[in-house]
Amino acid sequence: MSRTLLRSLGLGATLLIATFSAAASKFDHAEYMKATATGQKKAEPAIKGTLSFDQEKKSVDFLDEKGNSAFRIPYDTIRTLLYEQAAKPRYTEAVLISPMFLLAHSKKHYLTIQYTDTTGAGQYAIFHLDKKNAQQAVATAESETGKKVERVEEK
């Protein structure tokens, strides 16, 4: 009887781990920063949504807040991955709350994916990641795509 119980627990743990790994490939609170066209003065507003690494389709997907696919990048078209962490002074908080906020810097996390499109032209996609899951998203990008992520961190 104890062997049956252990087998059931083992199967349950395996299912739990498989469910956790599938869930770990989606990163909410991401923003897709659209590139500006040549000569355009203002960039379009960022699209809020979920960055996803799909193991079965072998692609990076971005879903908007309604769950619609904004685009898909197959893993085999990815050329480089770049993670940037940039600090920026908190001017709004300094004006509204206290000048001490000028000493504190908010850190922004970006993942840039350079890839080739169907015509063979080089393209890139920039994602602003949530600070709570940025490191996990970068680690997932590296492990899923098999590409080394170059890291640039501002001090």
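Largest accessible area first, the residues Asp76, Asp64, Asp28 order themselves as Asp76, Asp28, Asp64 under a 1.4 Å probe with ligands, DNA and RNA left out.
Applying a threshold of 20 Å to the alpha-carbon distances of Lys57/Lys131; Lys34/Lys148; Lys48/Lys132 flags Lys57/Lys131; Lys34/Lys148 as lying beyond it.
Modelled spin labels at Lys131 and Asp76, positioned 7 Å past Cα toward Cβ, are 4.0 nm from each other.
The simple spin-label model puts a point 7 Å past each Cα toward its Cβ; for Ser106 and Asp64 those points are separated by 2.4 nm.
The values are calculated or read from the model by the stated rules, or taken from the named source; none is laboratory data. Here the structure is a predicted model, which is why all the values come from computation and not from measurement. Note: ideal-geometry Cβ built from the backbone for every residue, glycine included; neighbour counts use all protein chains shown. Note: areas computed on protein heavy atoms with side chains; ligands, DNA, RNA excluded. Shrake-Rupley method; radii C 1.70, N 1.55, O 1.52, S 1.80 Å.
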